[in-house]
Amino acid sequence: MKVLVIGGGGREHALAWKLSQSPKVTRVFVAPGNGGTALNPKFENLPITDVVALREWAQTEKIGLTVVGPEAPLAAGVVDEFRAHGLRIFGPTKAAAQLESSKAFSKAFMRRHGIPTADYDTFTDPAQAHAFIDRLGAPIVIKADGLAAGKGVVVAMNLQEAHDAVDFMLVDNKYGVTHNAGGARVVIEEFLEGEEASFIVLCDGKNVAALATSQDHKRLKDGDQGPNTGGMGAYSPAPVVTADVHARAMREIILPTIRGMEKDGIPYTGFLYAGLMIDAQGRPKTLEFNCRMGDPETQPILMRLKSDMLDLLNAAIDGKLNQVDLQWDRRPALGVVMAAHNYPEDPRKGDAISGLPPEQDDAMVFHAGTTLQEGVVRTSGGRVLCVTVLADSVRLAQQRAYDVARGIHFDGMQYRRDIGHRAIKTL
């Protein structure tokens, strides 16, 4: 069977890599792909991003299954387009993807269905937003209502940061948010205390299969300092997601979300990512929903997955996730993101990358912001690579990942030296 992975980041490289391991898969196409997928003889990059053009190509090529990685094609209705022409595709419809593409939709949905989340209000008028911030005080969370590639959230620790964030999002749109209908809008939330974790499941409209737990590191610098990023590294499993927390997240957040979407006439199929804040008593609240696997969480999760990815996605498309028993490698996995010079503000592109190691079963370098130019792999985005390793402990996975990272070089590269520190502290 020929399969198509839509997207060009580290998550999509990992999905293509995992799908290619299925004996039923004959060819993996990645649209548009990156330098890493271009290097792999098992994959073929496809320079098409237009939804209709992709559908036409998939029909012509008789693609047996398509999986969508990033949020933008989902929000553009790629699943609706493929399904309308009888193509098998895994992901939420445009209407269901509003759980991510509209923070206002998501928060109203959670309030309506009693799903635990932070208190909030929504604003289009900057003056009203500023007045609300002054009333509530800091710390406070400001979120752009629209697609912002993981960077449209500001956790303001003081009032000035909060007011600046409102101006950036509502007036200047400095974060490059793709606004929804009606123009610029922000969601302002209460600040939640606790520890964050990523809770990712597969949904077939009714049934749910939980993936291995994970935790990422959003801040740019060691010790969780510096600006928020799309993620500087991740590991799986996440010790903070105890058996009790897992059960509560499924019972209070995930299942009510799937049932609520069905009740609202928008059945949810696809990956569902709930960003959780877990308080000191082990009570989870929903920070946000993403309608896709996380990046960089996907890389360590899929390193641990032993089940056939093609079988898993086919079961989800056919509404048979209740018949699936996921198999996991008992070993933890850890991924370190190597980012470009001046990421996240204004990442530099075009730097040559050297020292890339060969693929191994327990050590992979997944590409994100890379391109292959005349045989040379170069940087083409903010987050460039994710060095991901399986080992017998988090500490060993951390040590080995950094051993691999030290052998790779590109000018201006930056990466954290403490990925996995929370898990190691709990040992």
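The values are calculated or read from the model by the stated rules, or taken from the named source; none is laboratory data. As the structure is a prediction and not an experimental result, all values here were calculated from the model. Note that we place each Cβ from the backbone using ideal geometry, even for glycine, and neighbour counts take in every protein chain shown. These area figures cover heavy atoms from the full protein model, side chains too; ligands, DNA and RNA do not enter into them. Shrake-Rupley method; radii C 1.70, N 1.55, O 1.52, S 1.80 Å.
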Practice task
Quick one: which strands (runs of 3 or more DSSP E) lie wholly within the stretch 202-248 and hold at least 3 residues that are closer than 29 Å to Val154 by Cβ and at pLDDT below 95?
Solution key: 225-228
Practice task
Determine whether the stretch 259-274 contains at least one residue that is over 22 Å from Leu202 (Cβ atoms) and either part of a loop (DSSP other than H, G, I, E, B) or open to solvent by less than 40 Å² (accessible area, probe 1.4 Å) (or both).
Solution key: no
Practice task
Filter the stretch 278-299 down to the residues that are open to solvent by 20 Å² or more (accessible area, probe 1.4 Å) and touching a residue at least 24 places away in the same chain (Cβ under 8 Å), then identify the one that is nearest to Val208 (Cα to Cα).
Solution key: Arg292
Fill in the blank from the handout: In the set Leu372, Leu427, Leu390, the lone residue that is open to solvent by 40 Å² or more (accessible area, probe 1.4 Å), at pLDDT 95 or above and of a type outside the set (Gly, Ala, Ser) is Leu372
Handout entry: Selection status of Val384, crowded, with 22+ Cβ neighbours inside 10 Å and farther than 18 Å from Phe43 by Cβ
Key = yes
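Conditions tested, residue by residue: (1) within 30 Å of Gln360 (Cα to Cα); (2) of a type in the set (S, T, N, Q); (3) open to solvent by 50 Å² or more (accessible area, probe 1.4 Å).
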site	(1), (2), (3)
Gly8	yes, no, no
Pro23	yes, no, yes
Asn40	yes, yes, no
Ala75	no, no, no
Exercise for the section: From Gly412, Gly375, grab the single residue that is free of Cβ contacts under 8 Å to residues at least 24 places away in the same chain, at positive phi and not acidic (Asp, Glu). Expected result: Gly375
Problem - Sole exception among (1) over 18 Å from Leu276 (Cα atoms); (2) open to solvent by less than 30 Å² (accessible area, probe 1.4 Å); (3) assigned to a loop (DSSP other than H, G, I, E, B) for Lys94, by number - result: (2)
Problem - Unique match (being more than 23 Å from the chain's Cα centre (by Cα) and polar (S, T, N, Q)) among Thr26, Thr66, Thr37 - result: Thr26
Practice task
Would you check which residues across the stretch 99-110 are open to solvent by 10 Å² or more (accessible area, probe 1.4 Å) and modelled with pLDDT of 95 or more and list them?
Solution key: none
Fill in the blank from the handout: The lone condition Ala131 fails out of (1) within 24 Å of Gly275 (Cα to Cα); (2) modelled with pLDDT of 90 or more is (1)
Practice task
State whether the residues of the stretch 393-412 include one that is modelled with pLDDT of 95 or more, crowded, with 21+ Cβ neighbours inside 10 Å, assigned to a strand (DSSP E or B) and not hydrophobic (A, V, I, L, M, F, W, C).
Solution key: no
Practice task
With the condition kept exactly as written, say whether any residue in the stretch 319-326 is open to solvent by less than 10 Å² (accessible area, probe 1.4 Å) and of a type in the set (A, V, I, L, M).
Solution key: yes
Practice task
With the condition kept exactly as written, say whether any residue in the stretch 136-147 is at pLDDT 85 or above, assigned to a loop (DSSP other than H, G, I, E, B), open to solvent by 40 Å² or more (accessible area, probe 1.4 Å) and within 23 Å of Gly275 (Cβ to Cβ).
Solution key: yes
Fill in the blank from the handout: Pairing a residue in the stretch 250-271 that is under 20 Å from Thr117 (Cα atoms) with any residue that is small (Gly, Ala, Ser) and in a strand (DSSP E or B), where Cβ atoms lie under 9 Å and the two sit 6 or more apart in sequence or on different chains, gives Met250/Ala210; Ile253/Ala274; Ile254/Ala210; Ile254/Ala274; Thr257/Ala274
